[in-house]
1. Using the Karplus curve 6.51 cos²θ - 1.76 cosθ + 1.60 with θ = phi - 60°, what ³J(HN,Hα) values do you get for each residue of the stretch 82-90, in whole Hz, with x for Gly and Pro?
2. Could you give the angle, 0 to 90 degrees to the nearest 10, between helix 120-135's Cα long axis and the longest principal axis of the Cα atoms of the chain?
3. Given 4 °C and 1.567 mPa s, how large is the Stokes-Einstein diffusion coefficient of the stretch 100-244 in µm²/s, with Rh as the Kirkwood radius over Cα pairs?
4. Across the stretch 353-369, in residue order, what do the Karplus-derived ³J(HN,Hα) couplings come to in whole Hz, using 6.51 cos²θ - 1.76 cosθ + 1.60 with θ = phi - 60° and x for Gly and Pro?
5. Tell me the angle of helix 44-60 to the major Cα principal axis of the chain, expressed in degrees between 0 and 90 and rounded to the nearest ten.
6. Could you give the length gained by full extension between ASP131 and ALA304, i.e. 0.36 nm per residue of separation minus their alpha carbon distance, to one decimal place?
7. Averaging over every viewing direction, what projected area does the convex hull of the Cα atoms of the stretch 225-287 cover, in nm²?
8. Tell me which label goes with the value of Cα extents along the principal axes in Å computed from the coordinates here: [x] 120, 48, 45; [y] 73, 55, 37; [z] 68, 55, 40.
Amino acid sequence: MIGPGRFSTRSSTDPATSTGTYAARVALRLTDDDVRRLDGGDGPAVRLAMRVVVRLAEALGAEELLDISGAHVDSCLYNGLAPLEFAELLAGDGATVVVPTTLNVSSLDLLHPDLYRGDPEEGDLARRQMDAFVAMGCRPTWTCAPYQLEQRPAFGEHVAWAESNAIAFANSVLGARTDRYGDLVDICAAITGRAPAAGLHLDENRRATVLFRLDALTPGLHDSSLLAPVLGAFIGSVVGNRVPVIDGLPVPPGEDWLKALGAAAASAGSVALFHVVGATPEAPTLETALGGVAPTEVVVVTPADLRGARDRLNTVQLDGGGGDSLATVSLGTPHYSVAEFGRFVEALGGRRVHPEIDVYISTGRGILDEVEALGWVETLRSAGVTIVTDTCTYVTPILADTTGPAMTDSAKWAYYAPGNLGVDVVLASTRECVESAVAGRMVLDETIWTTQVDDG
């Protein structure tokens with residue numbers, strides 16, 4: 001066995017049979033425990049997982065690994081045989097996660113299996129993949145919003161989270177620290193309890209470099225639930241993977257607003273961390289968010305910028321008169337919170353959805369339990385709303401009609417659904433989605449771009 005020190009992960013023999021002989025290539029400090037895992041001292045599954053983590057550290061130029069206190073795994077979503085076989089290989093070799101690990105959305109709604117409209121064979125494969133991760137000790141949470149669970153990481157806590165919106169929320173809103181971990185890496189970090197000391201785990205990579213000023217926005221936009229998703233989409237298209245800071249919101253926004261912004265920015269760009277002055281924990285002031293350094297770019301956001309971001313996500317040519325046809329309303333990407341359900345129920349006001357419109361709201365199991373206790377589940381189902389758990393309607397064949405236009409209040413859903421489902425999409429505020437669902441046609445209020453309105 002090799003001792004601790006600076007080592008590379010390049011094996012001098014066949015990686016399938018090597019027992020831990022490594023040739024130095026880059027400077028990466030490994031602890032005694034790291035080396036033991038690499039040498040197979042904790043079994044073949046841990047050895048494989050450790051090799052993945054250390055190879056990633058090499059690629060990122062990390063000098064060491066760090067301990068994580070939790071993980072959120074996206075690999076449980078079925079995307080083909082390779083991730084399934086990898087998961088079953090780990091589980092078959094006895095892999096067990098060593099930190100609390102939650103699971104992202106899957107490809108099935110296990111609570112409402114009749115909603116699945118996909119190929120039965122693919123459904124069986126998806127279920128095998130889900131089972132493999134549960135067998136490794138992961139919690140069957142099946143949510144893209146693990147930050148809505150009772151236990152979530154504290155400020156400064158290092159975790160390994162996958163799922164773009166969850167990453168953005170953990171870093172930005174909770175002040176926890178995670179880099180962008182993708183499929184397969186996420187479960188390997190959970191099995192080893194280790195991650196590269198690189199990227200957004202490090203102080204120097206967390207300061208903002210691009211400043212977005214909101215001084216030019218209309219009161220109507222500030223009052224609309226549409227602001228967060230369109231602003232996030234605009235920011236993501238500008239910054240890519242840089243760190244933005246937003247200044248000029250008249251009132252500090254809540255978690256649902258920040259969730260919608262982060263999900264949009266992570267979809268339209270690669271944003272894994274954003275700051276909002278006076279609202280997010282690492283931005284009590286603009287100077288603090290910038291780390292005392294002048295921004296490399298300043299963007300004064302205008303209503304035209306945001307309307308353009310909205311229009312780029314829309315794939316339907318709107319007639320502007322509210323007469324456009326509609327087939328589906330899909331909400332809950334990321335998963336709806338209890339507060340969002342409450343706003344939807346309030347906006348619905350006891351009315352029923354038009355019989356020709358399918359309305360879906362996706363949420364996590366824990367949130368569903370709370371909503372059911374409040375009596376809202378029966379209210380919504382009686383009104384014609386279908387509640388989806390464990391998955392999301394843009395990744396799993398659930399929509400009854402993909403030939404007609406769909407409306408959503410989520411920029412993330414609007415970004416991915418056309419490519420994934422082949423459906424045309426219109427992004428709107430929550431209130432517009434409700435009014436459209438009841439009317440049976442698109443009901444849009446374009447005055448938000450110029451005047452103040454009372455909008456959900």
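The values are calculated or read from the model by the stated rules, or taken from the named source; none is laboratory data. As the structure is a prediction and not an experimental result, all values here were calculated from the model. Positions of Cβ are generated from backbone atoms using ideal geometry, with glycine treated the same way; all protein chains shown enter the neighbour counts. Quick note on the areas: whole protein, heavy atoms, side chains included, nothing else; ligands and nucleic acids left out. Shrake-Rupley method; radii C 1.70, N 1.55, O 1.52, S 1.80 Å.
1. 4, x, 4, 5, 5, 5, 5, 5, 4
2. 60
3. After rounding, the answer is 73 µm²/s.
4. Per residue, the Karplus-derived 3J(HN,Hα) values read 6, 4, x, 8, 10, 9, 10, 10, 10, 9, 7, x, 4, x, 5, 4, 4 Hz.
5. The angle comes out at about 70 degrees.
6. Length difference between fully extended and current span is 57.5 nm.
7. Seen from a random direction, the Cα hull of the stretch 225-287 projects 3.8 nm² on average.
8. [y]
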